[in-house]
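Peer 1: Have a look at this one before I ask anything.
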Amino acid sequence: LALEWDSVRMTVSISADPTNQVKENIKLALKEAEKDEKWLVYRNAAAYARDTKMTDQGLEWIKQSIELNDTWYGEWVYAELLAQSNDMKTATKAGLQAIDLGKVEYKEKPFPYESRIENAINDWNAQK
């Protein structure tokens, strides 16, 4: 950050460690979450980890989420994290599980994310 006033210029360095702050926020959210909502905190934490390439930590969190409540989105996040770790075979299985769970959740409506997940699976299989 540079501040200027008249003939004076002052430069100030600002740094932050958002990763550690996020991890602390996740710990706090888990501590404060009701027992039946912890799966959601783990899932959202895993999605953040996926987006920031914290793959190993994300895999830990998403496994905990799925253990508590297996949802299509949880399986999708799991699949994407597995693909990030180059485990395309298991990523494909998790992606197919996400589609199956999504179809159940959406019942008589078409599952809107099916083609997106199928495209990702096809991309992963092309990388094998």
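Each reported figure results from applying straightforward, stated rules to the coordinates on display, with no laboratory input. Being a predicted model, the structure only gives us computed values, none of them experimental. Cβ coordinates were reconstructed from backbone atoms using ideal geometry, including for glycine residues, and neighbour counts include every protein chain displayed.
Peer 1: May I have the extent of the alpha carbons of the range 67-128 along their three principal axes, as whole Å values ordered from largest to smallest?
Peer 2: Principal extents (largest minus smallest coordinate, Cα): 34, 26, 12 Å.
Peer 1: May I ask you to derive the FRET efficiency for Glu114 and Asp51 from their Cβ-Cβ distance with R0 = 22 Å, giving the value to the nearest 0.05?
Peer 2: According to the calculation, E is roughly 0.50.
Peer 1: Expressed in nm to one decimal, what extension gain is obtained for the pair Gln21 and Thr90 from 0.36 nm per residue of sequence separation less their Cα-Cα distance?
Peer 2: Here the answer is 21.7 nm.
Peer 1: Still on this structure, I have one more. Please list 3J(HN,Hα) in residue order for the range 100-117, calculated via the Karplus relation 6.51 cos²θ - 1.76 cosθ + 1.60 where θ = phi - 60°; whole Hz, with x for glycine and proline.
Peer 2: So the J values, rounded to whole Hz, are 4, 5, x, 5, 5, 5, 8, 6, 8, 8, x, 6, x, 9, 4, 5, 4, 5.
Peer 1: At q = 0.21 Å⁻¹, what log₁₀ I(q)/I(0) does a Debye calculation on the Cα points of the range 53-99 give, no solvent, two decimals?
Peer 2: Summing over Cα pairs of the range 53-99 leads to -0.59.
Peer 1: Okay, moving on. Mind counting lysine pairs for me in the chain? Cα separation below 20 Å, and the two need to be 8 or more apart along the chain or on different chains.
Peer 2: Lysine pair count for the chain: 19.
Peer 1: Moving on. Compute log10 of I(q)/I(0) for the chain with the Debye formula, placing one identical point scatterer on every Cα and leaving out solvent, at q = 0.14, 0.22 Å⁻¹, to two decimals.
Peer 2: For the chain at q = 0.14, 0.22 Å⁻¹, log10 I(q)/I(0) is -0.67, -1.22.
Peer 1: Another question, then. Please name whichever of Ala98, Ser15, Ala46 sits farthest to the positive end of the charge dipole of the chain, dipole taken about the Cα centre and charges placed at Cβ: Lys and Arg +1, Asp and Glu -1.
Peer 2: Of the candidates, Ala98 comes out farthest on the positive side.
Peer 1: To the nearest 0.05, how large is the calculated FRET efficiency for Val8 and Leu28 if R₀ is 35 Å and r is the Cβ-Cβ distance?
Peer 2: Calculated value: 0.25.
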